[in-house]
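*Asks:* My questions will all concern the structure given below.
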Amino acid sequence: MIPVSEPLLGRKEAEYVAECIRTGWISSAGRFVDEFERAWADYCGMKHGVAVSSGTAALQVAVGCLDLEPGDEVIMPTFTIISCAMAVVEMGGVPVLVDSDERTWCMDVGQVEDKITPRTRAIMVVHMYGHPVDMDPMLDLADKHGLAIIEDAAQVHGAEYTGRKCGGLGEISTFSFYSNKIITTGEGGMLLTNDDIHAEKARCLRNLCFIQERRFFHKRLGYNFRLTNMQAAVGLAQVQRVEELVARKRSIGAAYTERLCDIKVLQLPVEEPWAKNVYWMYGLVLDESTGLDAVAFAERLAERGVMTRPFFLGMHEQPVFHDMGLFKGEVYPIAERLARQGLYLPSGLPLTEEQIDTVCQAVRDSLAAWRVARPGR
Ligand SMILES: *Cc1c(COP(=O)(O)O)cnc(C)c1O
């Protein structure tokens, strides 16, 4: 089976981790946490980096920095991971959803302004599968209405919007370094911001809201979301080779597009003129006219040795939120179609040309076999 995703880890990663073990700096104290934060913040062009234990934790801390009042609203795409909506709900806020853009699969920025109410506090933009959100309209709206922008950049390490790095555009940005992300620490995350107050609050929330002045004295409740020095050691080595990792993703993306672009029933990832796509995962959306959905397509690809993953299921289709009285009866046709018809192909960094050929042949064979089995299609 060709796996969906594998990290690319090398000598430097091993050397840095060995240093942690040799010196005994294995908890969240130690040089690598600071250096990793500094290196990643610099790369994205942000002033502060606050390393945390996951991308989900980074989102919780980011929303925590906004000090929402109960009932405050945060606009976000329905088509995303649950971490986004969960972070808002856990902080007493209300997620307000928009549909997806048909081409980029990111949020439809044209739907955001209509969703702004007197309770709106922030827009959580989520860059999707390696492609940036169209940020300028979002930044303009944030300015006009006094809203914060949280950028979930977990899928776009190294991607750019009009030449500016994703994760360097919002008031707060968040990254995940889970093992399938472009930069990994195994498990891990980071929050970036230019705002000194947000950075201080984020450091406080990450570490049980201990304060400098007095040990074991707390003015607020926090979390243990600390990243270990060992994880940061891997992260620092990864950041030092980020250009290589991003270039690899882009070449995998280009190789797939070259081989699949003539297949009429497949919608492939795009790269808008203002975007640098890093093809975190190479997605496909299967035309409904085929009569084949993503689940059936995935089964056929698996039979041919190709692992895939389905696209997200929108937040408005989640029972857990319906039980809270959220999103009932809401309909987002693009996100619903993406959830039914979308999947992503093996996109791991170590993927070889031969494996890409095998995957593309499996895609063609699956579609051809289906057409034979269903004449007239
Ligand atoms: C992976 C991911 C997360 C969550 O990160 P974890 O480290 O797995 O908690 C959040 N948002 C997006 C868009 C992601 O892709």
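Bear in mind that the values in this text are calculations on the coordinates, not laboratory data. All values reported here derive from a predicted model rather than from experimental measurement. Positions of Cβ are backbone-derived with ideal geometry, glycine not excepted, and every protein chain shown enters the neighbour counts.
*Asks:* Would you kindly state how much longer the chain becomes between Gln111 and Lys144 on full extension, computed as 0.36 nm times their sequence separation minus their alpha carbon distance, in nm to one decimal?
*Replies:* Difference between extended and current length: 10.3 nm.
*Asks:* May I ask you to sort Ser27, Ser366 by Cβ crowding, counting other Cβ atoms within 10 Å and putting the fewest first?
*Replies:* Ordered from fewest to most neighbouring Cβ atoms within 10 Å, Ser27, Ser366 come out as Ser27, Ser366.
*Asks:* Could you run the Debye sum over the Cα atoms of region 242-372, one equal point scatterer each and no solvent, and tell me log10 of I(q)/I(0) at q = 0.10 Å⁻¹, two decimals?
*Replies:* The Cα Debye sum returns log10 ratios of -0.37.
*Asks:* Let me ask something additional. For region 140-289, what is the charge dipole size about the Cα centre, in debye to the nearest 20, if Lys and Arg each add +1 at the Cβ and Asp and Glu each add -1 at the Cβ? Provide the component values of the computation, followed by the final result.
*Replies:* Working: 19 positive and 19 negative charges, 165 e Å.
Magnitude of the dipole: close to 800 debye.
*Asks:* Counting only DSSP beta bridges with both residues in region 107-226, what percent are antiparallel, rounded to the nearest 5? Could the numbers behind the result be given before it?
*Replies:* Numbers: 9 of 18 bridges.
Taking every DSSP beta bridge within region 107-226, about 50 percent pair in antiparallel fashion.
*Asks:* Let me ask something additional. What number, rounded to the nearest 500 deg cm²/dmol, is the helix-based mean residue ellipticity at 222 nm of the chain, given -39500 (n - 2.57) per DSSP H run of at least four residues and division by all its residues? Numbers along the way, then the final one.
*Replies:* Details: 12 runs with 143 residues, N = 377.
Helix-only estimate at 222 nm: -12000 deg cm²/dmol.
*Asks:* Just rank Cys204, Cys166, Cys209, fewest to most, by other beta-carbon atoms within 10 angstrom.
*Replies:* Cys209, Cys204, Cys166
*Asks:* Any chance you could check the Cα centroid distance between region 178-219 and region 283-361 for me, in angstrom?
*Replies:* Using only Cα atoms to place each centre, the spacing works out to 33 Å.
*Asks:* May I pose another question? Taking a ≥ b ≥ c as the square roots of the Cα gyration tensor eigenvalues, with a/c under 1.5 meaning rounded and otherwise prolate when a/b beats b/c, else oblate, which class fits region 97-209?
*Replies:* oblate
*Asks:* I'd like the trypsin sites (Lys or Arg not before Pro) in region 145-212 restricted to DSSP loop residues with at most 13 other Cβ atoms within 10 Å, sorted by number.
*Replies:* Nothing satisfies the criteria.
*Asks:* Among Gly71, Gly188, Gly168, which one moves the most in a GNM of the chain with springs linking Cα atoms closer than 10 Å?
*Replies:* Evaluated over the chain, the most mobile residue of the options is Gly71.
*Asks:* Net charge around Thr193, counting only other residues with Cβ within less than 9 Å of its Cβ (Lys, Arg = +1; Asp, Glu = -1)?
*Replies:* Within the 9 Å Cβ shell, the charges total -2.
*Asks:* To continue, here is another question. Compute, for region 242-372, the length of the dipole vector about the Cα centre, with Cβ point charges of +1 (Lys, Arg) and -1 (Asp, Glu) only. Units Debye, rounded to 20.
*Replies:* Working: 14 positive and 19 negative charges, 11 e Å.
So the magnitude is around 60 debye.
*Asks:* Kindly identify the chain as rounded, prolate or oblate by the Cα gyration tensor criterion: order the square roots of the eigenvalues as a ≥ b ≥ c, call it rounded if a/c is under 1.5, otherwise compare a/b with b/c, prolate if a/b is larger, else oblate.
*Replies:* Note, shape of the chain comes out oblate.
*Asks:* Once fully extended, how much extra length lies between Arg38 and Glu213, figured as 0.36 nm per residue of separation less the alpha-carbon to alpha-carbon distance? Walk me through the intermediate numbers first.
*Replies:* Numbers: separation 175, 0.36 × 175 = 63.00 nm, distance 2.48 nm.
Going from the current span to full extension adds 60.5 nm.
*Asks:* Net charge within 14 Å of Tyr16 by Cβ-Cβ distance, Lys/Arg positive one each and Asp/Glu negative one each, not counting Tyr16 itself?
*Replies:* Local charge sum for Tyr16: 0.
*Asks:* Hey, got the dipole for the chain? About the Cα centre, +1 on K and R Cβ, -1 on D and E Cβ, debye to the nearest 20?
*Replies:* 900
*Asks:* Of the options Val63, Ile211, Met107, report the single residue whose Cα projects farthest towards the positive end of the charge dipole of region 11-239 (beta-carbon charges: Lys, Arg +1; Asp, Glu -1).
*Replies:* Ile211
*Asks:* Starting from 0.36 nm per residue, how many nanometres of slack lie between Glu330 and Ala14 once their C-alpha separation is accounted for? Let's see the in-between values first.
*Replies:* Details: separation 316, 0.36 × 316 = 113.76 nm, distance 4.86 nm.
Between Glu330 and Ala14, full extension yields 108.9 nm more.
*Asks:* Can you give the % of DSSP beta bridges in the chain that are antiparallel, to the nearest 5?
*Replies:* Antiparallel bridges make up about 60 percent of those DSSP assigns within the chain.
*Asks:* In addition: Pairs Lys47/Lys181; Lys47/Lys115; Lys201/Lys276; Lys144/Lys249; Lys144/Lys165: which are spaced more than 25 Å apart, C-alpha to C-alpha?
*Replies:* Lys47/Lys115; Lys201/Lys276; Lys144/Lys249
*Asks:* When the Cα centres of region 75-91 and region 155-170 are compared, how far apart do they sit, in Å?
*Replies:* That distance is 20 Å.
*Asks:* While we're on this one: Exactly which GluC sites (Glu not before Pro) in region 194-281 are in a DSSP loop and have at most 15 other Cβ atoms within 10 Å?
*Replies:* Glu213
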